[in-house]
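Below: one structure, written as structure tokens.
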Amino acid sequence: MNEDQRFAFDVQGFLHLRGALTPTEVVEYTRWMEEVEKTDVHRLNADEPSRMQHQLNRPVSRVIDADPRFARFLDHPAVEPLLVELLGEDYKHIDNELYYTYPGYKGGEWHRGVRAHPTGHVVNGRFCCPMVKVFYCMSDVGPNEGEFVVIPGSHRAQFDLDTRERVDLPSQHIFDDVRVGDIILFNEALLHNGRPNPSQKTRKTIIMNFGREDAGPWPGYTPKPETREKVTPRQRRILMNGTPIWREPQWIE
């Protein structure tokens with residue numbers, strides 16, 4: 001993490017890495033997506049159908065189980081050094097998605113994955129984030145195309161705001177200049193949302209969610225043992241959580 005990135009993530013809670021994936025990678029990953037989006041998610045979860053209630057499946061949750069090639073996004077060289085600085089060397093997987101925002105999507109609800117903290121999750125000059133999410137952007141996204149939106153700095157906000165039934169919030173940053181191959185990485189304590197998509201385009205994103213070494217997977221997202229056998233040793237470490245199910249760590253002042 002260079003000084004500019006460190007400062008930006010501290011202040012605003014996110015980074016937009018433009019052109020982080022090469023054109024060759026984009027072609028390869030697009031092919032993977034076209035193949036895996038045909039996955040029968042009921043068959044994928046046949047051994048434990050109750051998992052489905054926790055999953056999004058738009059179109060495929062647990063995409064790494066559906067196709068272990070997607071484990072590449074657990075430690076992609078464009079993001080691994082950043083994750084190590086934000087979460088620690090032994091960071092862990094929380095959940096993973098192939099996520100599409102389809103035409104006609106009405107928009108989501110404002111939310112955050114973990115509580116905000118006055119320091120922005122910095123302790124003694126070092127990041128100590130409970131959860132960091134990575135979006136690998138696999139389509140161009142312009143205005144009114146189901147954009148991702150965050151409230152910069154809200155990872156340290158100390159005032160509550162009623163966000164119900166609100167599309168727009170004060171100080172929001174709308175990612176309406178995204179190009180395929182960009183990566184968005186953000187502190188899950190940021191208030192964030194997906195905007196309505198009145199266009200005829202589908203916003204396509206590969207999503208990987210991570211926590212510190214004490215993080216468990218989100219309910220329904222524990223990887224299959226056979227999946228862990230098909231990935232690299234480094235990826236296997238990331239997928240082997242010591243904590244059975246996600247729980248927000250107790251913050252140490």
Of the residues in segment 3-49, those that are open to solvent by 90 Å² or more (accessible area, probe 1.4 Å) and within 18 Å of the chain's Cα centre (by Cα) come to R18
Within segment 227-253, of all residues that are hydrophobic (A, V, I, L, M, F, W, C) and open to solvent by less than 10 Å² (accessible area, probe 1.4 Å), the one farthest from L83 (Cα to Cα) is L239
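Against the condition outside any strand (DSSP E or B), in contact (Cβ under 8 Å) with a residue 12 or more places away in the chain and open to solvent by 20 Å² or more (accessible area, probe 1.4 Å), how does A78 come out, does it pass?
In short, yes.
Mind listing just one residue for me: the one in segment 52-61 that is out of contact with any helix residue (DSSP H, G or I) (no Cβ under 9 Å at 6 or more places or on another chain) and not in a loop (DSSP other than H, G, I, E, B) and, of those, surrounded by the fewest Cβ atoms within 10 Å (Cβ to Cβ)? Let's see the steps before the verdict.
Let us first name the residues in segment 52-61 that are out of contact with any helix residue (DSSP H, G or I) (no Cβ under 9 Å at 6 or more places or on another chain), namely 53-54, 56, 58.
Filter once more, so that each one left must be not in a loop (DSSP other than H, G, I, E, B): 53-54.
Numbers: Q53: 8, H54: 12.
Here the residue is Q53.
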Checked pairs for segment 108-134, first farther than 23 Å from N193 by Cα, second loosely packed, with under 14 Cβ neighbours inside 10 Å, C-beta under 8 Å and 6 or more apart or across chains, list as V123/I252
Of the conditions (1) open to solvent by less than 70 Å² (accessible area, probe 1.4 Å); (2) in contact with a strand residue (DSSP E or B) (Cβ under 9 Å, 6 or more places away or on another chain), the single one that P143 does not satisfy is (1)
Residue pairs within 9 Å by beta carbon, gap of at least six or interchain, first lying in segment 210-226 and open to solvent by 10 Å² or more (accessible area, probe 1.4 Å), second aromatic (F, W, Y), listed first then second, are R212/Y91; E213/Y91; W218/W246; P219/W246
Scan segment 137-144 and give yes if some residue there is modelled with pLDDT of 95 or more and closer than 24 Å to V11 by Cα, otherwise no. yes
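The values are calculated or read from the model by the stated rules, or taken from the named source; none is laboratory data. Treat the numbers as computed from the prediction; the structure is a model and nothing was measured. Cβ coordinates were reconstructed from backbone atoms using ideal geometry, including for glycine residues, and neighbour counts include every protein chain displayed. Each accessible area value is taken on the protein alone, full model and side chains, heavy atoms only, with ligands, DNA and RNA left out. Shrake-Rupley method; radii C 1.70, N 1.55, O 1.52, S 1.80 Å.
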